[in-house]
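Peer 1: Let me give you the structure first, and then I'll get to my questions.
The values are calculated or read from the model by the stated rules, or taken from the named source; none is laboratory data. What you see is a predicted model; the values in this text were computed from it and never measured. Quick reminder, even Gly has a Cβ in these numbers, built from the backbone with ideal geometry, and neighbours come from all protein chains shown.
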């Protein structure tokens, strides 16, 4: 019998009751396996079809039977018999894999009816584009007795967060030697765990600076052993910050990392020590892996400079460009953000943006392509830029977002993290050594990534110094 076409109106789902079903009738649907399908199967099953090793690079990810069998159940629940169907048993056999990009036909056919128990047996077949049967079997269901007709509703949007963007950074950082890192006041579980995890990854050699008893108690709560690491006793957070900075100035430590003290406490100690200052304004840069964005996104400054002046913004941009170079972005596209994309004297950030673009043209900012003012949507969406008629080498493809002030930057970074599922690593640039700022709210992978970014920056600085010496 030819395939049954659903009789329900467009946008509706209508079932076939037991009395309506006829032996031999069937339904056929066609689907193509996409990367998103495989990711969703991974999430549901806990498997990892996307874990392709370097040796397997170029191989197509393969879906297990979950995807094919889910298509069969979709037919049973929505078309034949449809809503009200109760699944009783299945006997499905897999004959061939389904690879990314394969197109399959799913054919479900009624083969038997049991009037006494209202049960229906259906033959199930999944066939690929080459005509090969990849899955065959049967399903037994209890068909609905009552007619059901309902509106087809939109399915909920499912977002797959890609948490693999930092892997290349970690791989690159592991090629550098582990760097001695002074960690100021690591007196809570998150700070201790972050440092020990980075040490296990071969990125740093922690030097814990702070009240020894509190550090030991935090390590116990975190369930980590710190006996093999150096502990420098300091009575309180202010002293811990000063001693950690002193370790870096003396060369005993190559990196500085924030523990569980406030950021301003650590930065006061840094700014008080002339040996760590450069001619550049210090600024914080978030390195963000946003699932819905095609590449890493740098956001600055969201943690250090509250209301930066024009010249301070110049340094903030240059710091971010320098970091982008270390991360392998040869000519980063810098979007100077504001609320609008036109210069308006009533909005000072638009005037600053225009001036910064001119400064870049005159060589006061180097190494990147700077444009602004740009609204956030224009900076990251080609479509939004096109709709507003914006012609720009940066619009829709920004690598670096420069915010007007700390408030807007902090809001943007946290929105991307908590609403868009972004991972956010971050360091302070502009000092003699990179400074790692972590938060208790950061995911462990983000804290480790912050250490990796700092290691890459420190190694790049060392390489430049060695090159000059030669």
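Peer 1: How do the pairs read when you match residues in the range 198-210 that are outside the structural domain of residue 179 (by TED's automatic domain parsing) with residues anywhere that are buried (at least 19 other Cβ atoms within 10 Å of the Cβ), using Cβ under 7 Å and keeping only pairs 6 or more apart or on different chains?
Peer 2: Listed pairs, sorted by first residue: none to list.
Peer 1: Hey, can you tell me all the residues within the range 178-191 that are surrounded by 24 or more Cβ atoms within 10 Å (Cβ to Cβ), within 27 Å of the chain's Cα centre (by Cα) and assigned to a strand (DSSP E or B)?
Peer 2: Residues satisfying the conditions are 181, 183.
Peer 1: Got a number for residues in the range 4-59 being modelled with pLDDT of 65 or more, in contact with a strand residue (DSSP E or B) (Cβ under 8 Å, 6 or more places away or on another chain) and under 24 Å from residue 128 (Cα atoms)?
Peer 2: 13
One line per residue, one yes/no per condition, for (1) surrounded by fewer than 21 Cβ atoms within 10 Å (Cβ to Cβ); (2) out of contact with any strand residue (DSSP E or B) (no Cβ under 9 Å at 6 or more places or on another chain); (3) in the same structural domain as residue 175 (by TED's automatic domain parsing); (4) modelled with pLDDT of 95 or more:
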{"position": "269", "(1), (2), (3), (4)": "no, no, yes, no"}
{"position": "280", "(1), (2), (3), (4)": "yes, no, yes, no"}
{"position": "293", "(1), (2), (3), (4)": "yes, yes, yes, no"}
{"position": "304", "(1), (2), (3), (4)": "no, no, yes, no"}
{"position": "307", "(1), (2), (3), (4)": "yes, yes, yes, yes"}
{"position": "310", "(1), (2), (3), (4)": "yes, yes, yes, yes"}
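Peer 1: Kindly state which helices (runs of 4 or more DSSP H) lie completely within the range 265-380 and contain at least 1 residues that are under 27 Å from residue 241 (Cα atoms) and under 23 Å from the mean Cα position of the chain (by Cα).
Peer 2: 310-326
Results for (1) touching a helix residue (DSSP H, G or I) at 6+ places or on another chain (Cβ under 8 Å); (2) closer than 23 Å to residue 441 by Cα; (3) surrounded by fewer than 19 Cβ atoms within 10 Å (Cβ to Cβ), shown as yes or no for each residue.
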position	(1), (2), (3)
199	no, yes, no
206	yes, yes, no
209	yes, yes, no
220	no, yes, yes
243	no, no, no
248	yes, no, no
252	no, no, yes
258	yes, yes, no
262	yes, yes, yes
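Peer 1: Quick check on the range 60-83: of everything there that is surrounded by fewer than 18 Cβ atoms within 10 Å (Cβ to Cβ) and assigned to a loop (DSSP other than H, G, I, E, B), which residue is modelled with the lowest pLDDT?
Peer 2: 60
Peer 1: Also: Check residue 392 against each of (1) modelled with pLDDT under 90; (2) assigned to a loop (DSSP other than H, G, I, E, B); (3) buried (at least 17 other Cβ atoms within 10 Å of the Cβ) and name the one condition it does not meet.
Peer 2: The failed condition is (1).
Peer 1: Determine whether the range 143-164 contains at least one residue that is modelled with pLDDT of 90 or more and not in a loop (DSSP other than H, G, I, E, B).
Peer 2: Scanning the range 143-164 turns up no residue that is modelled with pLDDT of 90 or more and not in a loop (DSSP other than H, G, I, E, B).
Peer 1: So, in the range 409-453, how many residues would count as being farther than 22 Å from residue 246 by Cα, in contact with a helix residue (DSSP H, G or I) (Cβ under 6 Å, 6 or more places away or on another chain) and part of a loop (DSSP other than H, G, I, E, B)?
Peer 2: Total satisfying the criteria: 2.
Peer 1: Then there's this: Just to be sure I understand, how many residues within the range 192-230 are over 28 Å from the mean Cα position of the chain (by Cα) and either under 19 Å from residue 451 (Cα atoms) or part of a helix (DSSP H, G or I) (or both)?
Peer 2: Count: 16.
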